[in-house]
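One structure is given here, and the rest of the page talks about it.
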Amino acid sequence: MTEITLLDGSIGQELVKRSGDRSTPLWSTRVMIDHPHHVFETHRDYFDAGATIATANTYALHRNRLERVGIEDQHTQLIDTALDQAVAARDAHGSGRVAGALGPLLATYRPDLQPPVDKAQAQYGWLVRQMQDRVDLILIETVSSLLEAEGALSGTASCPKPVWISFSVMDDDGTRLRSGEALSDIAPLITRFDPAAVLVNCSPPEAMPAALDILAPLGKPFGAYANGFTRISEDFLKDAPTVDALEQRTDLDPDRYAEMAMGWLDQGATIIGGCCEVGPAHIAELARRLHAAGHTIV
């Protein structure tokens, strides 16, 4: 019926779970340093589940985060490690694409901390240059404000690979970015920078339908990949938080998540997957339902 891109699910949260180690502000970067094999295994399991894209563990690889613990000299090395593991998993699987992930520069869900556009452009631009020769696309994730979007899109504007951008909306209102700004106000930026796809991520699945209704008229391939948190807690919005401040939902098993995600296709979405707390079992169930409905996963 339709060609659907099936993204993977959680990378950072999945790595933290697999490690069994105590959470740190370095999040999945700490796991990658201590247990790099978990990164390969996570990508492998998503490919085996049916995903066609491996999102590299580069979301949190920003210099300021490494500076907090005095390992900024490992920045390039860590990017290489993340890409090595994603590429190796893709090659072992025999097909698929690798996405270089770009997360918020200072903190997730904190649009108040976003640097000016010129500084963001420089920082994102450096990251893109480190990754562009080894990835199939760049995925800007969890964008929470218009300023954050402009900075990230400015920094990726010269990238020779396709650039996808994904926004995070309010837990209880899919029409608003986490900054409180209207999601519909992204339209001029999409026209100006012309990304290859526009998505919504790291928000509850219940918020996605309203957001997708806003993305649909933008004239781009669009989609969603939701998280499985109960809510974004106040403790997580403090400086240098750990994931212990977030709670996983108990009512979002693979069947329930896949049922909700399949509804996004009815709105015209052609790119779906999962974010934090959505694992390989969820993606496997999504793949099963896509095939059963006659869709082609690309």
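Around ARG129, under 15 Å between beta carbons, what's the net of Lys plus Arg minus Asp minus Glu among the other residues? Let's see the in-between values first.
On the way: positive: ARG63, ARG134, LYS161; negative: ASP80, ASP133.
Summing Lys and Arg as +1 and Asp and Glu as -1 gives +1.
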Among segment 119-144, those whose backbone N falls under 16 Å of a label point 7 Å along Cα→Cβ from SER158 are 119-133
For LYS220 the rounded accessible area (nearest 10 Å², probe 1.4 Å, non-protein molecules ignored) is 40 Å²
Descending accessible area (1.4 Å probe), largest on the left, turns LEU147, LEU177 into LEU147, LEU177
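Taking 25 °C and 0.890 mPa s as the conditions, I'd like the Stokes-Einstein D for the chain in µm²/s, using the Kirkwood hydrodynamic radius from alpha carbon pairs.
Approximately 131 µm²/s, per Stokes-Einstein.
Roughly how many percent of the accessible protein surface of the chain is carbon and sulfur, given a 1.4 Å probe and a whole-percent answer?
Working: 5580 of 11620 Å².
Carbon and sulfur: 48 percent of the exposed surface of the chain.
In square angstrom, what is the accessible area per residue of segment 1-78 with a 1.4 angstrom probe? Write down the numbers at each step before the final one.
Working: 3140 Å² over 78 residues.
Computed with neighbouring chains in place, this is 40 Å² per residue.
Multiply the residue separation of ASP136 and ALA281 by 0.36 nm, subtract the distance between their alpha-carbon atoms, and state the gained length in nm to one decimal.
On the way: separation 145, 0.36 × 145 = 52.20 nm, distance 2.49 nm.
Length difference between fully extended and current span is 49.7 nm.
Summing -39500 (n - 2.57) over the DSSP H runs of n ≥ 4 in the chain and dividing by its residue number, what mean residue ellipticity at 222 nm do you reach, to the nearest 500 deg cm²/dmol? Each step should come with its number before you reach the end.
Working: 11 runs with 120 residues, N = 298.
The per-residue figure over the chain is -12000 deg cm²/dmol.
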Extension length gain for GLU259 and ALA92 (0.36 nm per residue less Cα distance), in nm, is 57.1 nm
Taking only the alpha-carbon positions of segment 128-187 as identical scatterers, the Debye log10 I(q)/I(0) at q = 0.17, 0.20, 0.26 Å⁻¹ comes out as -0.58, -0.73, -1.00
Expressed per residue, the solvent accessible area of segment 120-209 in Å² (1.4 Å probe) is about 34 Å²
From the Cα centre of segment 106-163 to that of segment 22-45, the distance in Å is 22 Å
From highest to lowest solvent-accessible area (probe 1.4 Å; ligands, DNA and RNA excluded), ASP185, ASP118 read ASP118, ASP185
One would report the Cα pair-distance distribution of segment 47-154, bin width 10 Å, in %, as 15, 44, 31, 10, 0
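The values are calculated or read from the model by the stated rules, or taken from the named source; none is laboratory data. Worth saying up front: this structure is predicted, and the values here are computed from it rather than measured. No Cβ is skipped: glycine too gets one built from the backbone with ideal geometry, and neighbour counts run over all protein chains shown. All accessible areas refer to the heavy atoms of the entire protein, side chains included, with ligands and DNA or RNA removed. Shrake-Rupley method; radii C 1.70, N 1.55, O 1.52, S 1.80 Å.
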